[in-house]
Structures are given as structure tokens and as C-alpha cells.
Amino acid sequence: MVEANKKGNEEDECDVEPKWKCPPAKNVTHPLRYYEFTPEEMKALEECDRESFYQRCLPFSTVFAALTYAGVKNGCLRRSPHFGAIPKVTLAALVGYFFGRLSYLPECDLKLRQLPLNSHLGNTMRQYYLENNPPKDPKKSR
């Protein structure tokens with residue numbers, strides 16, 4: 001009789017609609033999942049990575065960290081009682097790094113849009129740029 005009650009409870013639980021339902025599973029593969037970059041695309045992406053690090057990330061991180069350290073030494077910023085200036089200086093360097101990466105995005109975008117016409121990545125970047133920055137109509141500017 002105990003087993004019958006267990007079965008009855010299980011059936012009751014199965015009949016109840018759950019509050020949250022998962023969406024139906026779709027077998028969709030992203031179109032660029034198996035995309036292989038051409039040598040020109042790889043070269044442009046590596047240049048973007050290298051130039052953004054040396055031209056933006058390193059200088060911004062250094063300046064932000066140095067200013068933060070000077071602020072802690074001069075008393076403008078409070079130092080940690082246990083770690084000193086290290087947490088604030090590290091955070092400033094990280095902020096400078098990410099700020100440098102983000103500030104280099106327009107130059108990298110331009111570099112990728114200048115890839116040859118047979119480049120899928122270049123065509124995609126050009127198409128995206130034109131969709132978001134339509135050319136100005138000379139008739140409307142008069």
C-alpha cells in the first residue's frame with residue numbers, strides 16, 4: 001500500500017505543469033563556427049592585438065597606476081592597512097589596460113575594413129560599418 005501511495009504521488013507530480021519551462025532545443029550551428037581565418041586576416045588581427053597593447057594598454061596602465069600610487073603617497077587616497085597601495089595600483093593598471101583596449105577599437109575596425117575584398121571578415125566589417133554609418137545624402141545637406 002505504501003508503494004501505491006508513492007506511485008500516486010509521482011503521477012501527481014508529473015501532471016503538474018512546472019513554473020519554468022526550458023525553450024525547445026534547436027540543433028543550430030553558428031555559421032562561423034568552423035570558419036578558418038585567412039593569413040591576411042590573422043595578420044591584421046595580430047597587428048591589432050600587438051598595437052593596442054603597446055600603443056594604448058601599456059601607456060594607459062602605466063599612467064593610471066603611477067597617478068594612483070602618487071595619490072596614495074600624497075594622502076589623497078587611503079592606503080589599505082594590510083596591503084598598502086598594491087590593491088589600488090593594481091586596479092588602476094587593470095582599468096588602464098581595458099580602457100586602452102577599448103580606445104583602440106576604432107583603429108582596429110578601420111584596419112579590418114581595409115582587408116582585401118575576398119576576405120569574409122573584411123566584407124562583414126564593411127557591411128556592418130555601412131549599416132550603422134550610412135553614407136550622407138548630398139541632396140539633404142543643402
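Residue pairs, Cβ under 8 Å, 6 or more apart or interchain, first in the stretch 34-61 and of a type in the set (A, V, I, L, M) and modelled with pLDDT under 95, second outside any helix (DSSP H, G or I) and surrounded by 15 or more Cβ atoms within 10 Å (Cβ to Cβ). List them.
Close Cβ pairs satisfying both conditions: A44/L115.
Every residue, every condition in (1) among the basic types (K, R); (2) more than 29 Å from C108 (Cα to Cα); (3) touching a Cys at 6+ places or on another chain (Cβ under 7 Å); (4) part of a helix (DSSP H, G or I), yes or no:
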{"position": "A70", "(1), (2), (3), (4)": "no, yes, no, yes"}
{"position": "L77", "(1), (2), (3), (4)": "no, yes, no, no"}
{"position": "L91", "(1), (2), (3), (4)": "no, no, no, yes"}
{"position": "Y97", "(1), (2), (3), (4)": "no, no, yes, yes"}
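Only one residue in L130, L121, L110 is within 20 Å of the chain's Cα centre (by Cα), outside any loop (DSSP other than H, G, I, E, B) and free of Cβ contacts under 8 Å to residues at least 24 places away in the same chain. Which one?
On the way: L130 fails: within 20 Å of the chain's Cα centre (by Cα); L121 fails: free of Cβ contacts under 8 Å to residues at least 24 places away in the same chain.
L110 is the lone residue from the list that is within 20 Å of the chain's Cα centre (by Cα), outside any loop (DSSP other than H, G, I, E, B) and free of Cβ contacts under 8 Å to residues at least 24 places away in the same chain.
Take the conditions surrounded by 10 or more Cβ atoms within 10 Å (Cβ to Cβ) and either among the small types (G, A, S) or over 25 Å from Y104 (Cβ atoms) (or both) and apply them to F64. Does it pass?
Details: surrounded by 10 or more Cβ atoms within 10 Å (Cβ to Cβ): yes; either among the small types (G, A, S) or over 25 Å from Y104 (Cβ atoms) (or both): no.
Judged against the criteria, F64 is not a match.
The values are calculated or read from the model by the stated rules, or taken from the named source; none is laboratory data. Everything quoted here is computed from the prediction, not taken from an experiment. All Cβ positions, even for glycine, are placed from backbone atoms using ideal geometry, and neighbour counts span all protein chains on display.
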